[in-house]
Structure formats: structure tokens, C-alpha cells
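Note sheet for the following structure.
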Number of protein chains: 2
Amino acid sequence: MRVALAQINTTVGDIWGNVEKAVDTLENVVSSGADIVAFPELTITGYPPEDLLLRPDFIEDNLKALEEFAARVPEGVVAAVGFVDLAGDLYNSCALVSGGRVLHRYHKHYLPNYGVFDENRYFREGEGAFVLRTDGALVGVSVCEDIWYPGGPAREQALAGAGVLLNISASPYSRQKGVFRERMLGVRASDYGCYVLFCNLVGGQDELVFDGHSVAIDPGGRLLARAKQFQEDLLLVELHPEEALIHRLHDPRPRKESPSKSLQIVDAEFRREDSTPPEPYEHRIEPLLPEEGEVFDALVLGLRDYFRKNGFSRAVLGLSGGIDSSLSAVVAARALGPENVTGVLLPSRYTSKGSNTDALALAKNLGIDVQEIAIEPAFGAYREMLEGAFKGLPEDVAEENIQSRIRGNVLMALSNKFGWIVLSTGNKSEMSVGYSTLYGDSAGGFAVIKDVPKTLVYRICRHINEREGREIVPDSVLTKEPSAELRADQRDTDSLPPYDVLDPILEAYIEEDKGVGEIVASGYDEEDVRRVVRLVDAAEYKRRQVPIGIKVTSRAFGRDRRMPITNRYRERRPKL
Amino acid sequence: MRVALAQINTTVGDIWGNVEKAVDTLENVVSSGADIVAFPELTITGYPPEDLLLRPDFIEDNLKALEEFAARVPEGVVAAVGFVDLAGDLYNSCALVSGGRVLHRYHKHYLPNYGVFDENRYFREGEGAFVLRTDGALVGVSVCEDIWYPGGPAREQALAGAGVLLNISASPYSRQKGVFRERMLGVRASDYGCYVLFCNLVGGQDELVFDGHSVAIDPGGRLLARAKQFQEDLLLVELHPEEALIHRLHDPRPRKESPSKSLQIVDAEFRREDSTPPEPYEHRIEPLLPEEGEVFDALVLGLRDYFRKNGFSRAVLGLSGGIDSSLSAVVAARALGPENVTGVLLPSRYTSKGSNTDALALAKNLGIDVQEIAIEPAFGAYREMLEGAFKGLPEDVAEENIQSRIRGNVLMALSNKFGWIVLSTGNKSEMSVGYSTLYGDSAGGFAVIKDVPKTLVYRICRHINEREGREIVPDSVLTKEPSAELRADQRDTDSLPPYDVLDPILEAYIEEDKGVGEIVASGYDEEDVRRVVRLVDAAEYKRRQVPIGIKVTSRAFGRDRRMPITNRYRERRPKL
């Protein structure tokens, strides 16, 4: 039995475009001799469609598109394609299609409603498992979250004798999640003595990147094949269902448990004469990227897809000579092509000479266009305009922010005039503690590295230089002390702990939801921890107004971490 | 039996403050002779606590606070108080407390996960109904969503003979929802032949306003008592459980159905000797506000609580002489006191004389402070700075937006210097079609009228003038044609249909999720509808970066309408 895992890049809402892409893939696959071809979860609507699912016209169009797709599936091949079924209520579904007909509509059982997921908002939970019977082999099909439950429909299917468990997914990326997923799937395969085939979505959708990384696992739990990360791919796997039987005979754990009696059997026929006969097949195992490369590729794909899927082509960003705008520019040049990126130097009276030199060197290394617009005239004008209102008061953060907002205004003016999208360049550490200016450096259409902690920003830049074997990010950017340069002799460490102390505190508080006491107990200075926690809490209102950016950690701001702005929960107070 | 519905204004996260408030209320209530006192849903944590519920320290503190609260409840009185129970898993719960002990912990059965609600993200569904037995009467207690289900725990309790159904709620406000709620509760009461007592939260929490409006309904479905809308209140009701029996004997519908056998009975004793004996009681029925007054009061409460609960006191906003900034200023003056509001006139070369006069008249009517800062110097500076980049190109929206962003920058500078919070003043119609400048007029900490459609803005302003019996919003503001004044002779209708056409189209598309075809069929010009729908879709990225503001319609942007930015769903395309 030959199965194709079609890891395609769908677009939310682009119902007809998604179907066209699936049909194109199908034609390739059929000629490769596949019996089954699997597409990612919600193939037809894209994932996640969010509140489009509350629109009757959208649901209807998706159902029509399924019919159109089904009409293109020849006899002898089964396609597993994700769609939204309307059967009294709405279901996240997988259609099994063959010979122009929908053989079965499977309704996802387990609806994730945590982290970035809101599936209980839209769907009813499905009931009843089924297996596909083909040439005497039983294939269990499930959708994404279903396989994350040890007691879910995949178990039912395995107990009923399925030798192959196929799962269509839209599992979003976060750091090292692919490894975690492979491990889980390996355990499912060996627990049940089944092949496990996992077909994941690839592509960027707003804050999320789906990393592809589809895999096939053998009944012993060993990796059989792995598709590319962060790219469209078609993974062909050759299965021998009798392998599953051999494992079943040697590891009879499934025998001790009874399958549910209501399991439905859906028959499908494979007709080999219509396709190239299968040949002995060398399985492809793509290498895994190192962590820095993985995050970098996620950023590139996320940014590229945001532009492509929204019809944008050119980007503009401020280049300060610092590490954050440097990495953002590198990502942009890679994602959009250097010819589509303009860097703008926006020097003020506080900008060091080194900053300008570094920014120019970076632009040269990347081959991107550069402009320089000094912000002094506007700064002078604002001071004049505010002279009356600010009379007798010392300079403070107000004047610092004015400079940052002038930069935001200039970049937005270029955006409005030329149709370029402004990229904002703040990292997660800054975003966490509010070390940024609303409508200033945070202004833009997309915040490229907003979920990348500062220490990881450094690691990724070094990784890029190593990988390219030359200096892309200038060495002086990597070694100089970080500064916002909004007043004389300013340093980030004037108001923040050093980043190698800050980042672990932030990770404990934000990603792990630990309290002050616990963080201090793990070895951090109490004063530092309290200060950081206060800053994080107080910056929530800022985070609500910044552009979206790509989730790369286990807990990104946005749809992943949903904190109230109005929130009086602080340290524990004495009792009444 | 005397029951007190304690409609208090809790604060999210302020665990100890909420308990103090409940204890203070309890002391008043006991002296009034109440047997039962009910507090709103999640009294202790505030509602909705969002991802604070993922923090173990927060859950623990809430449990400690429940113990502290319980210690203050005397013998002979039962308090129903909302908290988060941790019993293997997390539950949205109501504790029945008496004589220093928790008699029972009820776990909410039905978790809303639609609209603004995300309760499946945090809680497990409760199981098993119970009734409180007191002096021979049975009282069923449930939490919020439970009573919205005709077949939920309230039905179980009624079938088991409960004559009183008490529901503690956090039901957020939207236009006319209070009337809808009263009708539903009236039908529950008459369906079951029970008293229905509904105790709702009051207060603002970020985007949400809880409107109070607690009610008591008699077993015939008639309104017995109604608490104030948008204010803290304590509603005392005197019940005669034998009334319920009389209704039960005359309308024996509940007799035809069997209660579940597992219903738990929790005994509680009322000791009248500890409290003032009940007297014949005249029930209070607060009048309902007219729609315009209701929305206005929601805005005032929402803004006031956002400031108070976040520790802010003063606001600043730009006064353009238009109707939106006028209404925003009226709300601010009412919510914060005129002495805490500064209006800033920010005239440009395009500002008409009438605009300045109108803005000054409004400020005078309200008694708020006024400043004037002309934006020409900065506009000139930007033009000079951008001369090279813009060489040879005609003026367009870029220059318009620069002006708007200068205003945003000036207001933010005042905010940074003086600690004032900037109020942005865009209405829902503008927010829908993207007729605003990001980081310009949309800049601020709170967007007062962002969910108020333009036609309703007019109605509310007229209502205020009528109610006050004098001109608060100057008449010329109400009658002149709306304009952004960002170029010569600009009018809103240059780029938008008139508001009395635009608003119904927006309501159909945004609040009702109707498609183009359906909207056209209801009598609108197809060209208009297509254009409006395109504008709404294209403005999603802007709406993600604007400040929060108060939900007053059935579908507000924000946590209520969650659309992807990347969304290629447009009009229906021909089939493949």
C-alpha cells in the first residue's frame, strides 16, 4: 500500500484556491502510484478560519468545493481531505473520497480549546469511529488532536485491527515541537503496533506558522520517513500491513482490550491497473534543523506567507544598527527578496556614528535598498509646539518617545506613499517588559521577531553568519552593548537586568506561569524578579496595540496568552 | 424567606479586595434580616479572569480567600459566592457558605464558549445537581449559563421540588440585552412554577460592561423586583415558597417529568433570632433606561472602571469639533469628573473656524480644561524631511495621515509627560471600514465609543441634550456634515455612503454575518454593499492595533468577533 502525505500550504478563506492546489497535487500523486493521498486538516477552508465559521455563505461554499474536489478523485485512489461538515451542526471533518464520491465523512472527536486553539467555539464534537477497509487492510483515519489522546479514536481503530493510522493535522510550530510530536507519534505506533502516518499543514497564517514536518512511523515506533520542515512537500510511503500484524503477534497488548462494537467499516477499492505499479521504495528522511535554524525558517515562512497571502510585496523597516532590526532585515531579505526591502536610517542627535556604520554594513551585506532621513527637524518642531504645555518641566521619557514616534510616522508615511508594509523590529524580551514606544518603534504591519527572546536573537544571528560562512550581521552588532539611543549614553541595562538574567525570568513567568516565589527559589534575585513581573503586568495594554508577529515559543503574546489588561492580581497580600 | 441579591462591582485579580467588599456587604445584609445573600459569578476572582486561571498561585489565593470569606459568614445565613474550585480539575463554582463552613461547592454545568466567552479554555464541566433545604423549602442554585438552558440543572432542581431558583451571574451588557434576559427568566419561572432570582455582576472589565440589572421573578413569571442598571445595588426580596406550591398545583407540567435520582440535598438552617424579623416588604422595581441612556451609562461605567481599576485619574483627548470627540468628551466628563479631563484643539491648515468654535463651546458646556496646539510646525518639518523621498509625487493619503499622526504624537507626549490617558474617539462605523489613521486618531489607551455606530452617536448626543434640558453638545455639531478635515473641502461622504445607509449594511455584515447577496436582497445597492464589505475585510489589521473600548452591540470587534487578518474569502468565485 502506497500512501502520499501531501503537505500543502493552504490559505484561510481561499476555498477555490485551496481546492485547485489539492487537485494539482492529486494529479501528481496518482501518477506516482499512490493508493491513498492525505491532505492537511481543513484543507478546503484553510486553518484556522476563526469567525469565518460563523458565516453561512462560507460553510456553503466549502461544501460545494468538497463536491468539486470529489469529482476530480479517480477510481482506485482514496483522498483524505479536510473540510467543514454541516450535519445538523458544524464539524471539523475529514472526507474520504474516491471515484467521484464521498465514501465517508469523519467528524473530529477531540476539539482543542487551549493555547492558540478555539475549536469549541465553532464545532460540535464528533462521535463514532470508523475504519477504511481496502484490499483486506484496515486503515484508521483521524484528525489532528484525535491522535494526541491515548484513549481516542486512533485507539478504537487499532483495537479493531487497523494496521495503519492516518492523521491529518494542522499542528502549529513552536520551538522544538516537531521533536516532541515525533516522540508522541512513535509511542502511539508502538503502543498499538500500527503504522502512524501524520500529514501536517505547512505555511504561515497570521501569528501561526505550521511547520509541515509530516512523518511516517513504522509499527515498532521507528521513524520511516520525514518530510521537509517549513516547505511544501509530498512524502510517499510504502507500507506493508503484514508488518503491523507481525508486531501485533509479538506485542499483544491491544488484545487485552475490547474495541467498541459500534465501529463502522467503510469499503474502498484500490485499482492498481490505473496507476504505475509500486516499486521498492527508498524512504526519504529529511534532516532536522538545529533550533536556531528552525526558528529562523519559521520567521521567514511566516513573514513570506503574510505578505504573499495578503497581496503585499515590498517591506520597509528602520535600521538602527542594533541586533533586532538587523535580524528583522535578514528575515525580510530572505522572505521577500532583497530587492523588495528598504531599510531606513533615522538618526537623531543621540545616534552614535557606529550605529549608522553598522546599519549601512548590514544593508550592504543583504543587498537591500537604503534611505536616510534625519528626524531632527520634526523633533525640533514638536519641542516648539509643546513648549507652552511643557514649560518648566525637565526632559523625560516624553521626549524619548517623541523621537521614536517621529520614526514611526516617517516609516508609515513611506508605507502610505509607496504601498510598502512597515516591519516593526521589537523582540520578545522588550515586548514583555514594555521596553518599546507605542506608535513608535512598535508601529508597523508585522512584528517579525516579537516572539523571539533577545538571547535567542543573538544566537540566531550568529547561526546565520556561521551558516553563510560570512558576515551577514556585522560583528560589531553582535558585540556592542544594546541601547535604544533615545538619550545620551543610554544602555538597556540602565533599566533592565542583563538579558541572560531577564530572559529566564521571563520564560518562567510568561511561558510557565510560575509565581514570584517559585522563580526566586530557582535562583534569581527577588528584587529583579519582582521588578520584571511588575513590568510585564503593566505592559499588557501596549501588547494589545502592537502588530501581529510569528509565534515561535510555547507561549506567545496574542491568541496564546490572553491576559486581562485590568488585572489587580499582584503579590499575595496579607489576609483580611 | 428573605433573599438579598448583592449586585457588587468586583475587580479581576483583586482577590482580597473582592472578599473585603463581599464581607462589607454581608454585614449590611445580615442586619436587614436576609436568610440568603447571593453575590455575582466568580465573586472572588472577578470575571473574566482569563489566563490568570492558568496560574497555580492565583488559584491557591482564591481558595484561601474563600476560607477567609467563609469565616465571616454567621450561623443562620447562607451566602452564595462565586469562586474557582480545584477538585482534581478546575471548576467555575458557587460555594454555599454558612456559620463559618462551606456547605457545598456547586460546579457550573454549562460553560459558555462563544461570543466573548472562553470558559472551555479554563474549566471542566460540572456534574450533578443539588438543592439547598431550609425550613422545609428547597432552593436550587446555579451559575449564569446554567439557567440559559431549558434542560439544565435549574430544570432538575425544579423537578425535584425547588420553589426558588437562584442564579449567580456575570452576564455582560449589549444593547437591549437586559430586556431579553428578563423575558427568558420570566419563561423559566413560569415553566417551572418557581421564583427565579438572578444576581448579576455590575462594572467594567476591559471591553466588557456588566450591567447589573438583577431581578426577582415570581412563580407566575411576573417581575417582582429589579435592581439598578450600571450601579452597585442590593436588592432585597421577600419570598413565600408556598406561592410556588400554589403555582405547581395549578400548572402541573413539572409533574409529567421525572427528576434525576442523583440529586443531592444540602441542609441549611436559618436562625431568625439572630436577625431583624422580616417585615412586609415593598419590592423595588427600578425603571429601565431608554436605549440611548442605556448605552451612554454603559460607556460611562466602562470608562470609569477602566480608569479606577487601573489606577488612572486624568484623561486627555483631541477635540475636533466633530460629533465623535464631542460624545467621547461628554462620557469622559461624566465618568471621571470634568476636572479630570483635558481637551486639546489640534488645528491644521484644513481646520475650519466652525470646528474650533464648536470644540470650545463643548468644552465650556462640560467645564473641562482646554489647550490648543497647532500642528503646522511638525507638518512642515515632515514635509521637509520627506521631500527627497516623495519627490515628484502628488499629495495623497500619506500627507493626510501625517497630520493625524502628529495629533496622535502630541496627545501621547502630553500623556507621557503628565500621566494622562489618551482617549481615542473613533466610532464603530469608522472602525468597521477603516476610516481612521493608525497611530493617529486611533492612538490612545481607551477607545470610548469604538463600538457605537455613527447613527447611534447622534441619537445619544440628542438624548443627552434633551435629558439635561440644555445644549451640552452644541447644536451645530449635531447638524453639520461630518468631515475628517485632512484636506480641503473633505466630506465623509466623498468615500463612504451616507451613515444611514452605511450603518444598516455594517450591522447586517458584522453583527449578523450575512453575505453580500442577502444584504442586497434586503434592499441595498449592490455596489455599495460590495464596497463596504471590501472595506471591512481590508481594515482587519487596523482593528488589531487600536485600543480596547466598550462593547455595546451584540458583536463588538475584539474578543467578540475574531476574524483572521489573512483571509482570502471574498465573493463567490465560479467553480473550477
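With (1) buried (at least 23 other Cβ atoms within 10 Å of the Cβ); (2) not assigned by TED's automatic domain parsing to the domain that holds B:TYR195 as the list, and B:LEU235 as the residue in question, which single condition is left unmet?
Here B:LEU235 meets the rest and fails (2).
Which residue out of A:VAL73, A:VAL116, A:VAL102, A:VAL84 is away from chain B (no Cβ under 14 Å) and among the β-branched types (Val, Ile, Thr)?
A:VAL102
Could we say that B:GLU511 is among the acidic types (Asp, Glu) and within 14 Å of chain A (Cβ to nearest Cβ) here?
So B:GLU511 passes the test.
Give me the residue from the range B:136-156 that is crowded, with 24+ Cβ neighbours inside 10 Å and at pLDDT 95 or above and, out of that set, farthest from the chain's Cα centre (by Cα).
B:VAL139
Can we say B:LEU26 is within 28 Å of the chain's Cα centre (by Cα) and either assigned by TED's automatic domain parsing to the domain that holds B:ARG308 or under 23 Å from B:ASP146 (Cα atoms) (or both)?
no
Hey, any hits in the range B:183-190 for a residue that's touching a residue at least 60 places away in the same chain (Cβ under 8 Å) and at negative phi?
Yes, the conditions are met somewhere in the range B:183-190.
If you go through the range B:69-104 one residue at a time, how many are of a type in the set (A, V, I, L, M, F, W, C), in contact (Cβ under 8 Å) with a residue 60 or more places away in the chain and assigned to a loop (DSSP other than H, G, I, E, B)?
Final tally of qualifying residues: 1.
Could you check the range A:405-448 and list, in sequence order, the residues that are part of a loop (DSSP other than H, G, I, E, B), at the interface with another protein chain (Cβ under 10 Å from one of its Cβ atoms) and hydrophobic (A, V, I, L, M, F, W, C)?
Residues satisfying the conditions are A:LEU438, A:ALA443.
Any residue at all in the range A:295-303 that is away from chain B (no Cβ under 12 Å) and touching a Cys at 6+ places or on another chain (Cβ under 9 Å)?
Taking every residue of the range A:295-303 in turn, none turns out to be away from chain B (no Cβ under 12 Å) and touching a Cys at 6+ places or on another chain (Cβ under 9 Å).
Go over the candidates A:ASN416, A:ASN427 one by one and state the one that is among the polar types (S, T, N, Q) and closer than 22 Å to A:GLY204 by Cβ.
Answer to the check: A:ASN427.
May I ask you to list the residues in the range A:532-545 that are in contact (Cβ under 8 Å) with a residue 60 or more places away in the chain and more than 7 Å from chain B (Cβ to nearest Cβ)?
Scanning the range A:532-545 gives A:VAL532, A:LEU535, A:VAL536, A:ALA538, A:ALA539, A:LYS542, A:ARG543.
Does any residue in the range A:151-173 that is assigned to a loop (DSSP other than H, G, I, E, B) come within less than 6 Å, Cβ to Cβ, of a residue that is small (Gly, Ala, Ser) six or more places away or on a different chain, and which pairs are these?
Close Cβ pairs (under 6 Å, with a partner that is small (Gly, Ala, Ser)) amount to A:ALA162/A:GLY140; A:GLY163/A:ALA137; A:GLY163/A:ALA244; A:TYR173/A:ALA298.
Hey, A:LEU224 hits all of (1) touching an Asp or Glu at 6+ places or on another chain (Cβ under 6 Å); (2) within 21 Å of A:ASP24 (Cβ to Cβ) but one; which does it fall short on?
Failing condition for A:LEU224: (2).
Working carefully through the options B:ARG284, B:ARG226, B:ARG248, B:ARG253, find the one that is outside the structural domain of B:VAL73 (by TED's automatic domain parsing) and within 25 Å of B:CYS144 (Cα to Cα).
The conditions single out B:ARG284.
What is the residue count in the range A:482-510 for residues that are in a helix (DSSP H, G or I), within 30 Å of A:SER554 (Cβ to Cβ) and without any contact (Cβ under 8 Å) to a residue 12 or more places away in the chain?
0
Can you list residue pairs whose Cβ atoms sit under 7 Å apart, with the first residue in the range A:215-243 being of a type in the set (Phe, Trp, Tyr) and the second being assigned to a strand (DSSP E or B) and surrounded by 24 or more Cβ atoms within 10 Å (Cβ to Cβ)? Count only pairs 6 or more apart in sequence or on different chains.
A:PHE230/A:VAL202; A:PHE230/A:ASP211; A:PHE230/A:GLY212
Right, B:ALA329: over 26 Å from B:ARG459 (Cα atoms) and in a helix (DSSP H, G or I) or not?
Here the answer is no, as B:ALA329 does not meet what is asked.
Could you check the range A:300-315 and list, in sequence order, the residues that are of a type outside the set (Asp, Glu) and surrounded by fewer than 24 Cβ atoms within 10 Å (Cβ to Cβ)?
Those that are of a type outside the set (Asp, Glu) and surrounded by fewer than 24 Cβ atoms within 10 Å (Cβ to Cβ): A:VAL300, A:ARG304, A:PHE307, A:ARG308, A:ASN310, A:GLY311, A:PHE312, A:SER313, A:ARG314.
Quick check on my filter: what residues within the range A:227-274 are aliphatic (A, V, I, L, M) and not in a strand (DSSP E or B)?
A:ALA227, A:LEU239, A:ALA244, A:LEU245, A:ILE246, A:LEU249, A:LEU263, A:ALA268
What's the number of the only condition in (1) in contact with a Lys or Arg (Cβ under 6 Å, 6 or more places away or on another chain); (2) part of a helix (DSSP H, G or I) that A:ALA34 fails to meet?
Result: A:ALA34 passes all but (2).
Which members of the range A:375-395 meet the condition of being at the interface with chain B (Cβ under 7 Å from one of its Cβ atoms), surrounded by fewer than 14 Cβ atoms within 10 Å (Cβ to Cβ) and not in a helix (DSSP H, G or I)?
Passing the criteria: only A:LEU393.
Find the residue count for the range A:551-572, including only residues that are within 7 Å of another protein chain (Cβ to nearest Cβ) and under 18 Å from A:PRO112 (Cα atoms).
The qualifying residues number 2.
Here are A:ASP560, A:ASP525, A:ASP513: which of them is within 30 Å of B:GLY204 (Cβ to Cβ), at pLDDT 95 or above and surrounded by fewer than 20 Cβ atoms within 10 Å (Cβ to Cβ)?
Only one candidate qualifies: A:ASP513.
Among the numbered criteria (1) within 8 Å of chain A (Cβ to nearest Cβ); (2) among the hydrophobic types (A, V, I, L, M, F, W, C); (3) touching a residue at least 40 places away in the same chain (Cβ under 8 Å), which one does B:VAL370 miss?
The single condition B:VAL370 does not satisfy is (1).
Every residue in the range A:1-24 that is in contact (Cβ under 8 Å) with a residue 12 or more places away in the chain, within 14 Å of chain B (Cβ to nearest Cβ) and not acidic (Asp, Glu), please.
A:ASN9, A:THR10, A:THR11, A:VAL12, A:GLY13, A:ILE15, A:TRP16, A:ASN18, A:VAL19, A:LYS21, A:ALA22, A:VAL23
Consider A:ASP475 against the criteria (1) surrounded by 15 or more Cβ atoms within 10 Å (Cβ to Cβ); (2) away from chain B (no Cβ under 14 Å): it satisfies all of them except one. Which criterion is unmet?
All conditions pass for A:ASP475, except number (1).
The values are calculated or read from the model by the stated rules, or taken from the named source; none is laboratory data. In this text, all values refer to a predicted model and were calculated from it rather than measured experimentally. We place every Cβ from the backbone using ideal geometry, glycine too, and count neighbours over all the protein chains shown.
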